[in-house]
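The values are calculated or read from the model by the stated rules, or taken from the named source; none is laboratory data. Being a predicted model, the structure only gives us computed values, none of them experimental. Glycine also receives a Cβ, built like all others from the backbone with ideal geometry; neighbour counts cover every protein chain displayed. With ligands, DNA and RNA removed, areas are computed over all heavy atoms of the protein, side chains included. Shrake-Rupley method; radii C 1.70, N 1.55, O 1.52, S 1.80 Å.
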Amino acid sequence: MASETTSEKLEHSSFLDKFTKISVTVGNWVYLRSLRDAFAVILPVFIIAGLGTLLNNTVFVWLFKGATLAKVQVFGNAISNGTLNVAGVLVAPMIGFMLARNKGFNNPIAAAAMSLASLFIMMPGSVKLAGMDGKTMHTVTGGMSYLNTGTQGMFGGIIVGLVATAIFIKLASIKKLQINLGENVPPAVSQSFSVLIPALILMSLFALIAALLSGLFNADLINLIKNWIQEPLRGFNTSIFGFCVIYFCANFLFTLGIHQTVISGSLMDPLVLINMNQNMLAYAHHTQIPNIITTSFVSNYVLVGGSGSTISLIIAILLFSKVKAGRDVAKLSLAPGIFNINEPMIFGYPIVFNLPLMIPFVLFPIIGALMGYYATLLGWVSRTVVLVPWTTPPLIGPYLSTAGDWRAVVLQVIILAVGVALYLPFMKISERVAAKQAEMNLDPKA
């Protein structure tokens, strides 16, 4: 009988079994899953924001000048106001709806409304706004600032959405707090009165917190979350060190059959999206672009062709492999790989539990991140200022996301070439291992 292969030993490892179980449990935690679902719903809004930013600052600039340009750019500014500048307001009800639905609550739309109402309760009662000269600051009451409703308030929207919905569902499940109007009342009216007391308790609780913060500390929850939670967390996770650590773990999980979004989708995606939105706003207002690591940065340099940048492996196989089975899988995977869909390669080639290929799969995205980060930091390529869909093919994505910087395309080509060189020796080792295993299975004495 043939001895157990290295890949089979790896697959049956008790440590990996425990690690996998923990990872799946964390990834399926209803709060993280709801967060991913909510961002998936509103992602098209931010892609549209990128389109408006691109048109305003490239196409319109080429076509119009002076006063005409300013009038035409109202188009892109209006899109920004309806997308980037209300990002925090959008995310709270979406999280409320998704969390309620994932928890099996029978009235998720009410949970969305409660999340939105709770978020506005926590907004500051007065804001400081610049005057017409752009320098003099005025304190204004009865108004809202895009600083609180937009990208800087996204984390506030996330936390309030999660907490308000969790409390609301808990209160709504207490039968003594439900008002029953009988069977003859229309369902919509009956459901509204059923959650009336829980809604009253929830809003009173948030209003009490807002009053205490304002009266005792002259502060508001949204800015406290931004200054004490969002910015420190974003600062670490989107630093090059924190980013590489998270994606190292995420890609390693994928080699065990657990999708990398279990880690990166929860810990990274909301933060790089905040960075992306800040860059789009800065670009729209012609100010300094603040962030290097963004959603488009990940697509351009880290996950080219999907997790592990496996399009480089496909190229290596098609150029240098003579194994028919591997070439057939690579040919079938090429078309989806161009659109950054690489599950056929990961599970069909396979990369999962394939020890030789696990090494470049985990390491190459880190190499791409380092190359992209330092090339951007040194000014060799422009920072990403447009959010493009994750399915945008290579070469097109970096050009569009940097608002037309051809150097970003060249950098991506170089990264892909490095990937081919990295994957090639491990691909050869994998082929030899597969051939040896086939021989052992054919030999009854093995």
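What the table shows:
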quantity: All positions within region 365-386 that are over 20 Å from the mean Cα position of the chain (by Cα) and either buried (at least 22 other Cβ atoms within 10 Å of the Cβ) or over 24 Å from Leu424 (Cα atoms) (or both); calculated: Tyr374, Ala375, Thr376, Leu377, Leu378, Gly379, Trp380, Val381, Ser382
quantity: Checklist (1) crowded, with 19+ Cβ neighbours inside 10 Å; (2) within 23 Å of Tyr374 (Cα to Cα) applied to Asp269, failing item; calculated: (1)
quantity: Hits in region 184-209 - residues which are aliphatic (A, V, I, L, M) and over 14 Å from Ala164 (Cα atoms); calculated: Val185, Ala188, Val189, Leu196, Ile197
quantity: Test for Ile274: is it in contact with a Lys or Arg (Cβ under 8 Å, 6 or more places away or on another chain) and not in a helix (DSSP H, G or I); calculated: no
quantity: Only one of Leu90, Leu54, Leu69 that is modelled with pLDDT under 85 and in a helix (DSSP H, G or I); calculated: Leu54
quantity: Cross-chain or 6+ apart pairs with Cβ under 6 Å, region 339-360 first and on the phi > 0 side of the Ramachandran plot, then open to solvent by 30 Å² or more (accessible area, probe 1.4 Å) and not in a helix (DSSP H, G or I); calculated: Asn340/Trp390; Asn340/Thr391
quantity: Pairs where the first residue, in region 274-287, is touching a residue at least 12 places away in the same chain (Cβ under 8 Å) and over 24 Å from Pro232 (Cα atoms) and the second is assigned to a helix (DSSP H, G or I) and β-branched (Val, Ile, Thr), C-beta under 6 Å, 6+ apart; calculated: Ala284/Thr53
quantity: Enumeration of residues in region 92-105 that are of a type outside the set (Lys, Arg) and touching a residue at least 12 places away in the same chain (Cβ under 8 Å); calculated: Ala92, Pro93, Met94, Ile95, Gly96, Phe97, Met98, Leu99, Ala100, Asn102, Phe105
quantity: Residue within region 186-205 that is open to solvent by less than 60 Å² (accessible area, probe 1.4 Å), touching a residue at least 24 places away in the same chain (Cβ under 8 Å), assigned to a helix (DSSP H, G or I) and farther than 23 Å from Met122 by Cβ present; calculated: yes
quantity: Residue among Ser264, Ser309 that alone is free of Cβ contacts under 8 Å to residues at least 40 places away in the same chain and either among the small types (Gly, Ala, Ser) or under 22 Å from Pro393 (Cβ atoms) (or both); calculated: Ser264
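Let's see how each residue does on (1) closer than 14 Å to Met371 by Cα; (2) open to solvent by 50 Å² or more (accessible area, probe 1.4 Å); (3) in a helix (DSSP H, G or I):
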{"residue": "Tyr399", "(1), (2), (3)": "no, yes, yes"}
{"residue": "Ala403", "(1), (2), (3)": "no, no, no"}
{"residue": "Val409", "(1), (2), (3)": "yes, no, yes"}
{"residue": "Gln412", "(1), (2), (3)": "yes, no, yes"}
{"residue": "Leu416", "(1), (2), (3)": "yes, no, yes"}
{"residue": "Gly419", "(1), (2), (3)": "yes, no, yes"}
{"residue": "Pro425", "(1), (2), (3)": "no, yes, yes"}
{"residue": "Glu431", "(1), (2), (3)": "no, no, yes"}
{"residue": "Glu439", "(1), (2), (3)": "no, yes, yes"}
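Quick grid of which residues meet (1) part of a helix (DSSP H, G or I); (2) at negative phi; (3) modelled with pLDDT under 85:
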| position | (1), (2), (3) |
| --- | --- |
| Leu213 | yes, yes, no |
| Tyr247 | yes, yes, no |
| Ser266 | yes, yes, yes |
| Asn279 | yes, yes, no |
| Pro290 | no, yes, no |
| Val298 | yes, yes, no |
